[in-house]
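A.B. asks: Could you have a look at this structure, given as structure tokens, before my questions?
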Amino acid sequence: MIIRYNGPVTWTLPELDALARDRAAMLERLLYEVNARQNLTRVPREQFMERHFWESLHPIWALCHSELARNLPSQTNSQPEPDSSQAWNDSFRPSSPIIDIGCGPGFPGLPIKILFPDVPITLLDSHGKTLEFVAKAIEKLGLSGVSIVHGRAEEVAHQPEHREKYALVVCRAVGRFEIAAELMAGFVSVGGCAIPHRTESDESFEIDLDRLGLTLERVEALDHLRYPVLRKSQPCAAAIPRKWNQIQR
């Protein structure tokens, strides 16, 4: 079920302190300086805050709504609805640690880190050149508690130091939904969540999640974007995720 609040959602933007605003502006400047000679993004610079920065925070918004809904009393014949005004509050922090798989030039991972600087985050991508930019951005922004991993998600997920170690797994633009779900399942710890960034072109999120140890808790909608909140209910099979050529079938 897609949860809407008063029709199409107009979400409340989180407050950014002076340091976070400065870091967001610096990230924008760095991205487009490097983009002039290396293809990192097709998003026009004037759309950076909306499409790169704020959209990167949507999974946190979705997680907050899901957590609020879990804590509401059950309502007869209706889905419990959280108060959307509480989407952002001083007491909410995402559980840690977090991993962003297929991070590209750092989205959504870097904006999440800027907003929650005390939460450890791992940025994973298979493209070394892109990760060179990410490393430079981390240094220039003065961020700590950020790890960079160069590798393929379906292989890194089987490494003991990453296997089901993350309370929150996010990803953006990583294949079809069923592919993203399988890649994320190997990283998320039992009780944690995987929240992929999807669009309204995803016709259904009703796939076989049991074999991944995942349960579809909610699907949050913001305009044309969709954020399925996948809760890890049990460890996934040792073979998950499978090799890339098998996942694609």
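A.B. asks: Where the Cα atoms of the range 109-249 are projected onto their three principal axes, how long is each span, largest first, in whole Å?
C.D. replies: 42, 36, 27
A.B. asks: OK, next. Using 0.36 nm per residue, how much length does the chain from Leu225 to Arg211 gain when fully extended, once their Cα-Cα distance is taken away? The partial results should precede the final answer.
C.D. replies: On the way: separation 14, 0.36 × 14 = 5.04 nm, distance 2.59 nm.
Residue separation times 0.36 nm, minus the Cα-Cα distance, leaves 2.4 nm.
A.B. asks: Just to be sure I understand: with springs between alpha-carbon atoms less than 10 Å apart, which residue in Gln234, Gln47, Gln159 has the highest mean-square fluctuation in the Gaussian network model of the chain?
C.D. replies: Fluctuation is largest for Gln47.
A.B. asks: Looking at the chain from every direction and averaging, what is the projected area of its Cα convex hull in nm²? All intermediate terms of the calculation are to be shown ahead of the outcome.
C.D. replies: Details: hull surface 54.3 nm².
With the hull built on Cα positions only, its mean projection is 13.6 nm².
A.B. asks: Towards the positive end of the charge dipole of the range 94-249, with charges on Cβ (+1 Lys, Arg; -1 Asp, Glu), say which of Pro97, Phe133, Val229 has the farthest Cα.
C.D. replies: Phe133
A.B. asks: Still on this model: Test of understanding: given the chain, find the longest segment containing no GluC sites (Glu not before Pro) that are in a DSSP loop and have at most 13 other Cβ atoms within 10 Å. Before the final figure, lay out each step's value.
C.D. replies: Numbers: sites that count: Glu15, Glu161, Glu200, Glu203, Glu206.
Longest run free of exposed loop sites: 16-160.
A.B. asks: Would you please state the base-10 log of I(q)/I(0) at q = 0.17, 0.20, 0.27 1/Å for the range 185-249, with intensities from the Debye formula using one equal scatterer on every alpha carbon?
C.D. replies: Calculated log10 I(q)/I(0) at the listed q: -0.64, -0.85, -1.19.
A.B. asks: If the cut-off is 27 Å between C-alpha atoms, which lysines fall inside it for Lys140, apart from same-chain ones fewer than 8 positions away?
C.D. replies: Within the straight-line limit of under 27 Å, Lys140 reaches these lysines: Lys113, Lys129.
A.B. asks: Moving to a separate point now. Could you check how much of the accessible area of the chain is carbon and sulfur, as a whole percent, using a 1.4 Å probe?
C.D. replies: 47
The values are calculated or read from the model by the stated rules, or taken from the named source; none is laboratory data. Since the model is a prediction, treat every value here as computed from it, not as a measurement. All Cβ positions, glycine included, derive from the backbone under ideal geometry; neighbour counts span all protein chains shown. When the accessible area is computed, the model is the full protein with side chains, heavy atoms only, and any ligands, DNA or RNA have been set aside. Shrake-Rupley method; radii C 1.70, N 1.55, O 1.52, S 1.80 Å.
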